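Student: One structure, pasted below without further comment.
Bear in mind these aren't lab numbers, they're just calculated from the coordinates by the rules spelled out. On a predicted model such as this, the values are computed, not experimentally measured, just so you know. Neighbour counts run over all protein chains shown; Cβ positions are idealised from the backbone, glycine included.
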Amino acid sequence: MPEKEPVLQLDGLSKHFGGLIAVNQVSLTIYPGEVVGLLGDNGAGKSTLIKMISGVYRPDQGTISIDSTPVHFSTPMDARKAGIETIYQDLALCENLDASSNLFLGREPLKRRLGLFKELDRKLMQSEAHTLLEQLDIQIPDLTRPIRELSGGQRQAIAIARTIYWNARLLIMDEPTAALGVPEQRKVLQLIRTLRERGTPILLISHNMQDVFEVADRVIVLRQGRKVGERLIQETNQNEIISLITGSEQKGLHA
Amino acid sequence: MVSVKTRNRRELSWKDLSKAWSWIFLCVLFLFFSISGNGFLSITNIQNIFADMSFMLLMALGQTFVIILGGLDISVGYTTGMASVIVAQIIIALAPRLPLPLVVVIAFLVGLAVGVLPGLLNGVLITRLSVPPFIVTLGMYGIARGAGFIIENGLPISIPLQDIGRIGNNNLLYIQPTGAITFFQPPQGLTAVQMSNVVGLFTMPLILSLLLVLFCHWLLTRTRFGQHTYAIGGNKEAARRAGIPVARHTVLVYILSSCLAATAGVLYVFRFSSGAAEAGDPLLIDSIAAVAIGGASLFGGEGTIIGTLIGTLIISVIQNGLIILGIDPFWQFIAVGVVIIIAVFVDRMRIRA
């Protein structure tokens, strides 16, 4: 993979909150079609790091580059416009609307009626939603029902599908399986694999080591704001990662 | 997957029932009054129901958007009154000098202009100061109330011109027993007996109400404006993250609400040849009730224009039917109150199912 150009590159990213150094000189690279797990204990700096990437916080030091071009985000909207989509645990869907309405939320396609009135193009929304969900192998019983009638996994899938439809360059997923039952977790992991095959890189934040080992190509471990390790999944094991997270093994600062 | 499908089916049946109950209830009321009330089932009376309910309906149409958005607008009653007194005074000043159609157009334009201001203030205060809609519109309720009474100087303004009243009360067409049809004006030169056999169709309040119902239904179901109204009511934060301009949209919805209320005020002027600060407020609670009976959720995100129309019809049919049965008008309040409680009960059952 290193022969490809990286989608996202962080160089020496730091963030301070008063005297606390939340993220300290973190550098990392993500290539197309890669699933990278971001691991670390509570307070290790995972959230702060992804909030800088998704435009919520501005870094105090360091640069973020997308497709090798440095970018500066002032708002989350800037990051989204640059193709960085973040899926938070609270989903950000409208539960009273149907699946296709949620896919097109805020970006509804319009058609002209009688050359004068602009109307929603619901037919297009429905057919695009149908095609997309089929491609991603997401089963929704009825696209016209409000999504509150769907399961947590199906809703998660719609949130993910939305980012794909709008050509996310990079998908950041914050604990995507945390609130789901086991069969639903499997479905979301399967969806992550599908996205990987399509070439969409994913930065996956999870407490669930097993999930990460199942879908990630690479893991990056943070501790106390610093990157303390980076491993290819094939070349590591859960014990090694746990010791990196907890700091019981000080070797391996360089992967 | 299987379990999901069965759950959907059960919710579906409850949902259908809760959607259908208001239709069924309206039909039962209609049948009951048709059988028991002499004169209820006639073209004239049905048109009267529509004409009488048009003020409540216009207020309820705007309130539907506001409630779907997750808000509430209690200022619309006095906005109706304020618009009616301003428009009445303008008509008195202009009518002797200008041709009637122009006066009508000016009256509606002035009404809309009067309507923009309270809505704009409501919307801006709600979004900029993050004050609950109830409090902001309560403030506007007081301002519009006071302004209305100051402009009318404490007494309703009556317009001493017959033409004005004709606009609000004449029909679009009149059919004589012979089959002859005249437009806008009752046929001339008939005896009183012949006149009583002439059927008038489509009064101006009926036409205006139906046009605005169609427009609001279209706006809510077919446009981005409607879609964003539902989205904000469903999950404001999600709407914001999706790039929907939540503050601007909220302001527009409150403007829509107060403009529809002001239009009701203009209609009042043409129907009763007068303007009154109290023209709209007695209908406020009924109009909110109509929206709730129509299936809208006061928590936002749910509601339809057709539902609101049915809700308004239920209240109006009860009021009209009880009058025709000769029952003490105070029983109307109790009857409408009972219907509201039924509506809430059906809504609860749906959520629990």
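Student: Out of the DSSP beta bridges found with both residues in the protein assembly as shown, what percent are antiparallel (nearest 5)?
Tutor: So the antiparallel bridges in the protein assembly as shown amount to around 65 percent.
Student: Counting only residues 5 or more places away or on other chains, whose amide H sits under 5 Å from the amide H of A:Leu110 once H atoms are built in the peptide plane?
Tutor: A:Asp121
Student: Using the number of other C-beta atoms within 10 angstrom as an exposure proxy, rank B:Asp73, B:Asp347, B:Asp52, B:Asp286 with the fewest first.
Tutor: In increasing order of surrounding Cβ atoms, one gets B:Asp52, B:Asp347, B:Asp286, B:Asp73.
Student: Separate question: Give me the dipole magnitude in Debye, nearest 20, for region B:235-319 about the Cα centre, with unit charges on the beta carbon: positive for Lys and Arg, negative for Asp and Glu.
Tutor: 380
Student: Cut-off 10 angstrom, C-alpha nodes, Gaussian network model of chain A. Which of A:Arg196, A:Arg113, A:Arg80 fluctuates the most?
Tutor: A:Arg113
Student: Further question on the same structure: Report, in debye and to the nearest 20, how large the dipole of chain A comes out about its Cα centre when Lys and Arg carry +1 and Asp and Glu carry -1 on their Cβ.
Tutor: Its charge dipole is roughly 640 debye.
Student: Are any of the pairs A:Lys81/B:Lys236; A:Lys51/A:Lys123; A:Lys46/A:Lys81; A:Lys51/A:Lys81; A:Lys4/A:Lys123; A:Lys123/B:Lys236 more than 27 Å apart by Cα-Cα distance, and if so, which?
Tutor: Listed pairs above 27 Å: A:Lys51/A:Lys123; A:Lys4/A:Lys123.
Student: Among B:Val87, B:Asn320, B:Val114, whose Cα lies farthest out toward the positive end of the dipole of chain B, if unit charges sit on the beta carbon of Lys, Arg (+1) and Asp, Glu (-1)?
Tutor: So the residue we want is B:Val114.
Student: Could you work out [θ]222 nm for chain A from helices alone, using -39500 (n - 2.57) per DSSP H run of at least four and dividing by all its residues? Round to the nearest 500 deg cm²/dmol.
Tutor: Taken over chain A, the calculation gives -9000 deg cm²/dmol.
Student: Which ordering of A:Asp137, A:Asp121 is given by a fewest-first count of other beta-carbon atoms within 10 Å?
Tutor: Fewest-to-most ranking of A:Asp137, A:Asp121: A:Asp137, A:Asp121.
Student: I'd like the mean, over residues of A:143-152, of how many other protein chain beta carbons sit within 10 Å of each residue's own Cβ.
Tutor: 3
Student: Give me the dipole magnitude in Debye, nearest 20, for the protein assembly as shown about the Cα centre, with unit charges on the beta carbon: positive for Lys and Arg, negative for Asp and Glu.
Tutor: In debye, rounded to 20, the protein assembly as shown gives about 400.
Student: Which of these, B:Val105, B:Val251, B:Val193, has the largest mean-square fluctuation under a Gaussian network model of chain B (Cα springs below 10 Å)?
Tutor: Residue with maximal mean-square fluctuation among B:Val105, B:Val251, B:Val193: B:Val193.
Student: Report, by chain and number, residues whose modeled amide H sits under 5 Å from the one on A:Leu222, excluding near sequence neighbours (fewer than 5 apart, same chain).
Tutor: A:Leu39, A:Gly40, A:Val228
Student: For q values of 0.12 Å⁻¹, compute log₁₀ I(q)/I(0) with the Debye formula on a Cα-only model of region B:40-281, without solvent.
Tutor: For the requested q values the scattering log ratios are -0.72.
Student: Tabulate in residue order the Karplus-calculated ³J(HN,Hα) for region B:154-171, using 6.51 cos²θ - 1.76 cosθ + 1.60 with θ = phi - 60°, rounded to whole Hz; enter x for Gly and Pro.
Tutor: With coefficients 6.51, -1.76 and 1.60, one gets x, 10, x, 8, 9, 9, x, 9, 5, 4, 4, x, 4, 4, x, 10, 6, 9 Hz.
Student: What list of ³J(HN,Hα) values in whole Hz, one per residue of region B:217-233 in order, does the Karplus curve 6.51 cos²θ - 1.76 cosθ + 1.60 (θ = phi - 60°) give from phi, with Gly and Pro shown as x?
Tutor: For region B:217-233, the Karplus curve yields 4, 4, 4, 7, 9, 10, 10, 4, 4, x, 4, 5, 4, 4, 4, 5, x Hz.
Student: Next question. What fraction of the DSSP beta bridges in chain A is antiparallel, stated in percent and rounded to the nearest 5?
Tutor: The antiparallel proportion sits near 60 percent.
Student: Taking a point 7 angstrom from the Cα of B:Ser158 along the C-beta vector, which residues in region B:74-107 have backbone N less than 20 Å away?
Tutor: Residues B:81-82, B:84-96 qualify, since their backbone N sits under 20 Å from the label point.
Student: If you take the charge dipole of chain A about its Cα centre, with +1 on Lys and Arg Cβ and -1 on Asp and Glu Cβ, which of A:Val212, A:Leu222, A:Trp166 is farthest toward its positive end?
Tutor: Of the options given, the answer is A:Trp166.
Student: What whole number of Å gives the distance from the Cα centroid of region A:129-190 to the Cα centroid of region B:311-326?
Tutor: 49
Student: To continue, here is another question. Residues with beta-carbon under 12 Å from that of B:Leu219, excluding B:Leu219: net charge, scoring Lys, Arg +1 and Asp, Glu -1?
Tutor: Surrounding charge for B:Leu219 is +2.
Student: What's the local net charge at A:Gln25, with K and R +1, D and E -1, over the other residues with C-beta under 12 Å away?
Tutor: +1
Student: Looking at chain B as a GNM with Cα springs under 10 Å, which of B:Val124, B:Val28, B:Val317 has the largest mean-square fluctuation?
Tutor: B:Val28
Student: Which percent of the Cα-Cα distances in the protein assembly as shown go past 47 Å?
Tutor: Every Cα pair in the protein assembly as shown considered, those over 47 Å come to 32 percent.
Student: How big is region A:1-131 in terms of Cα radius of gyration and Dmax, in angstroms?
Tutor: Cα only, region A:1-131: 19.1, 62 Å (Rg, Dmax).
Student: As a footprinting exposure proxy, order B:Leu129, B:Leu283 by other Cβ within 10 Å, with the fewest listed first.
Tutor: B:Leu129, B:Leu283
Student: Would you mind classifying chain A by shape? Square roots of the alpha carbon gyration tensor eigenvalues, ordered a ≥ b ≥ c; an a/c under 1.5 is rounded, otherwise it is prolate if a/b is larger than b/c and oblate if not.
Tutor: prolate
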